[in-house]
Structure formats: C-alpha cells, structure tokens
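Everything on this sheet refers to the single structure shown next.
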Amino acid sequence: QVQLVESGGGLVQAGGLLRLSCVASGRTFSSSAMGWFRQAPGKARAFVSTISASGRTTIDADSVKGRFTISRDNTKNTMYLQMNSLKAEDTAVYYCAQSDGGLPVTRVDLYHYWGQGTQITVSS
C-alpha cells in the first residue's frame, strides 16, 4: 500500500520561496513517476509539475516554468518542489501524487495515489 505525506506548506509573502516535500511509503517509489498538483478554492485540481521515475525528465506547467523546480531522491523515497518567486495566484492546496508508470504524465486521472495535501497561501 502506498502512502504519500506532504510537508512544507505555509504562509509566505509574494516573491518569497518555499520547498515542499513528499515522502512515500512502499517499494514502488523508485519505479514510479511522481507529480505535484494544486487546487484553489472553487477550481479543479490542476497539474503543476511531474518527474520521471529516474528523475531525468521533468515537465512543468506554463504557469510555474522558471519559478518551480521538481526533484526527487529515490534513496529517501522523497520528492520535492522548490517554489521561488511565489505569486498570490499560487495560493492553493498542493498535492503530491504517484503514477503506476515510470514516465512523467500531466493528467490527474493517471495518478492513482494521492497525499492529503498541504496549504500554501501567498499574501500580496
């Protein structure tokens, strides 16, 4: 059974930075693509960033390119999201997710395991 636990959320001023972590249980982490998604109030869950099982390939949403960096450490079963130059529109609950395959994917329905989410609030 896979369990994902996010941490690192909080309140930050616009222009600030945060780093999210996602720790995964189970033996499948190193063979699975991982992703970050976010959901703002009243909006659908949206893709943020994804990383392949090996960590060599990443895809970012246009809205975060150049500001957010996804990474992973397979020796620690942990994925990260470094978020710089935060904007008010980045305010949302951020979720980490694990896919069954090794290639990075951007669709919500291709992820089968989800964390509980962590709130990020950016004040302007």
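The values are calculated or read from the model by the stated rules, or taken from the named source; none is laboratory data. Just so we're clear, the structure is a prediction, and the values are computed from it rather than from any experiment. Areas reflect the complete protein model, heavy atoms only, side chains present, ligands, DNA and RNA absent. Shrake-Rupley method; radii C 1.70, N 1.55, O 1.52, S 1.80 Å.
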*Just round it to a whole percent: the fraction of Cα-Cα distances in the range 12-85 exceeding 20 Å.*
33
*May I ask you to give the percent of accessible area on the range 57-124 that is carbon plus sulfur, with a probe radius of 1.4 Å?*
49
_Residue-normalised accessible area of the chain, given per residue in Å² at a 1.4 Å probe_ = 51
*Once the chain is represented by equal point scatterers at the alpha-carbon sites, with solvent omitted, what log10 I(q)/I(0) does the Debye formula produce at q = 0.11 Å⁻¹?*
-0.31
